[in-house]
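Colleague: Just passing along the structure, written as structure tokens.
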Amino acid sequence: MTGQKTILRALAGEAQDVPPIWMMRQAGRYLPEYRATREQAGDFLSLCYNSDLATEVTLQPIRRYHFDAAILFADILLVPQALGADLWFVKGEGPRLSTVTGQADFDRLAPAADIHETLNPIYQTVRNLTGALPGDVTLIGFAGAPWTVATYMIAGRGTPDQGPAHALKSENKELFDALMERLTAATIEYLSAQIAAGAECVKIFDSWAGSLNDEDFETYATAPARRITAELKARHGNVPVIAFPRQAGDKYIGFHEKTGADCVALDDSVSPEWAAEHVQVSGCVQGNLSPKHMVTGGPALVEESRRIVSAFRGGPHIFNLGHGITPDADPDNVQRMIDAVRGA
Ligand code: CP3
């Protein structure tokens with residue numbers, strides 16, 4: 001059964017008067033202490049692979065805000081790197097990777113079972129955190145969903161419409177499916193190792209699920225999430241899983257049942273009232289305050305936070321943003337959001 005931690009109670013289906021709260025990208029550039037530690041590490045990737053410093057930045061938002069959950073500090077693009085892709089970050093622009101567009105590129109990738117050598121420092125961060133976190137804070141591990149990670153591997157960067165991945169899917173389905181298969185197997189390996197190291201639940205980020213049409217959504221978002229969830233639960237005693245098919249819209253409906261996920265995370269394009277009626281009826285939901293309020297603050301921040309708490313009050317809910325907090329956010333607005341949610 002679940003322990004007493006508020007996040008695990010929500011994931012087990014319990015409605016709580018005050019929902020537990022954490023925030024996507026809670027360890028990030030909006031925090032001066034994060035910027036200082038990243039500086040110490042040299043750059044973002046060095047920070048991810050430095051277990052001591054990654055532990056430190058994971059703990060920073062817990063110390064400052066007493067969130068109910070800590071999320072492992074790492075990145076979804078470490079999996080392609082562990083499969084053999086080159087990965088680097090261009091300041092002010094974002095990630096760059098060597099591309100997978102032909103069979104020869106695919107053939108150079110490592111087998112899924114070989115990712116651990118590269119990713120061992122990440123598992124060490126998880127082990128550090130299990131000893132360092134306050135007893136009431138849940139540790140969340142994570143990975144990107146295969147489709148979202150594939151969009152970066154195929155284009156070699158972030159894209160507004162995931163055009164290159166859609167093109168490969170229609171022009172060379174065999175290769176595309178082979179890449180999806182490799183990523184699904186690697187994601188299971190990666191999350192399984194995080195859980196073995198001490199992650200108490202895991203979240204699967206499908207940031208670009210919204211660009212898949214109905215049939216593709218079933219094949220490339222729902223089915224991989226179902227397979228990853230089933231395999232992790234089989235290996236790790238029903239470990240709770242949070243699925244985030246961002247921008248799924250109507251396709252959020254039934255996602256719990258179709259995938260077996262314990263919680264479905266919502267972006268801020270759906271109203272909390274709609275989601276309470278159509279999605280929360282199936283299980284725990286997480287979300288979904290617009291991250292813009294962390295920049296703009298004011299009465300709207302408090303009103304919208306309370307509106308979300310009130311809409312989801314009847315069922316299991318984990319309060320969060322609808323997407324990651326942005327670097328231009330004001331750290332004081334985060335405290336205002338927490339106070340509004342906790343009723344302080
Ligand atoms: O605090 C946390 O949420 C945990 C750590 C975390 C990071 N990335 C750290 C990070 C998590 C869960 C992620 C997930 C992630 N990474 C996603 C899925 C969620 C989403 O935002 O849709 C995606 C698509 C990525 C890939 C990625 N990583 C991009 C596109 C970028 C550049 C954009 C940006 O914000 O600069 C990153 C870099 C990144 N990952 C940063 C952080 C804190 C900023 C890097 C820095 O410090 O310069």
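The values are calculated or read from the model by the stated rules, or taken from the named source; none is laboratory data. This is a predicted model, so every value here is computed, not measured. Don't worry about glycine lacking a Cβ; one is built from the backbone with ideal geometry, like all the others, and counts go over all protein chains shown.
Colleague: Among the residues of the range 6-22, is there at least one that is among the aliphatic types (A, V, I, L, M), free of Cβ contacts under 8 Å to residues at least 12 places away in the same chain and either away from the ligand (no atom under 11 Å from the Cβ) or not in a helix (DSSP H, G or I) (or both)?
Modeller: No.
Table: residues versus (1) touching a Gly at 6+ places or on another chain (Cβ under 7 Å); (2) of a type in the set (D, E, K, R).
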position	(1), (2)
109	yes, no
118	no, no
139	yes, no
158	yes, no
177	no, yes
183	no, no
195	yes, no
204	no, no
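Colleague: Shifting gears a bit: Given the residues 225, 243, which is the only one that is out of contact with any Pro (no Cβ under 8 Å at 6 or more places or on another chain), closer than 30 Å to residue 338 by Cβ and surrounded by 22 or more Cβ atoms within 10 Å (Cβ to Cβ)?
Modeller: Exactly one residue qualifies, and that residue is 243.
Colleague: Can you find a residue that is among the small types (Gly, Ala, Ser), closer than 23 Å to residue 118 by Cβ, assigned to a helix (DSSP H, G or I) and over 18 Å from the mean Cα position of the chain (by Cα) anywhere in the range 171-180?
Modeller: The answer is yes; a qualifying residue exists.
Colleague: Within the range 257-329, considering only helices (runs of 4 or more DSSP H) that don't extend past its boundaries, which have at least 1 residues that are away from the ligand (no atom under 16 Å from the Cβ), modelled with pLDDT of 95 or more and under 16 Å from the mean Cα position of the chain (by Cα)?
Modeller: It comes to none.
Colleague: A follow-up question, please. I'm checking my understanding of the structure. Among residues of the range 79-134 that are surrounded by 14 or more Cβ atoms within 10 Å (Cβ to Cβ) and among the charged types (D, E, K, R), which one is nearest to residue 39 (Cα to Cα)?
Modeller: 96
Colleague: Something else about it: Could we say that residue 179 is of a type in the set (A, V, I, L, M, F, W, C) and under 30 Å from residue 92 (Cβ atoms) here?
Modeller: Yes, satisfied.
Colleague: In the range 179-205, what count of residues is obtained for those that are basic (Lys, Arg) and away from the ligand (no atom under 16 Å from the Cβ)?
Modeller: The total comes to 1.
Colleague: Going by the conditions given, is residue 29 within 13 Å of the ligand (Cβ to nearest atom), basic (Lys, Arg) and touching a helix residue (DSSP H, G or I) at 6+ places or on another chain (Cβ under 8 Å)?
Modeller: It is true that residue 29 is within 13 Å of the ligand (Cβ to nearest atom), basic (Lys, Arg) and touching a helix residue (DSSP H, G or I) at 6+ places or on another chain (Cβ under 8 Å).
Colleague: Could you identify the single residue in 187, 219 that is polar (S, T, N, Q) and crowded, with 24+ Cβ neighbours inside 10 Å?
Modeller: Sole residue among the options that is polar (S, T, N, Q) and crowded, with 24+ Cβ neighbours inside 10 Å: 187.
Colleague: Within the range 206-229, does at least one residue satisfy the condition of being away from the ligand (no atom under 16 Å from the Cβ) and more than 22 Å from residue 169 (Cα to Cα)?
Modeller: So far as the range 206-229 goes, yes, one or more of its residues are away from the ligand (no atom under 16 Å from the Cβ) and more than 22 Å from residue 169 (Cα to Cα).
Colleague: Another one. Residue 63: near the ligand (Cβ under 10 Å from one of its atoms), over 20 Å from the mean Cα position of the chain (by Cα) and surrounded by fewer than 22 Cβ atoms within 10 Å (Cβ to Cβ), yes or no?
Modeller: Here the answer is no, as residue 63 does not meet what is asked.
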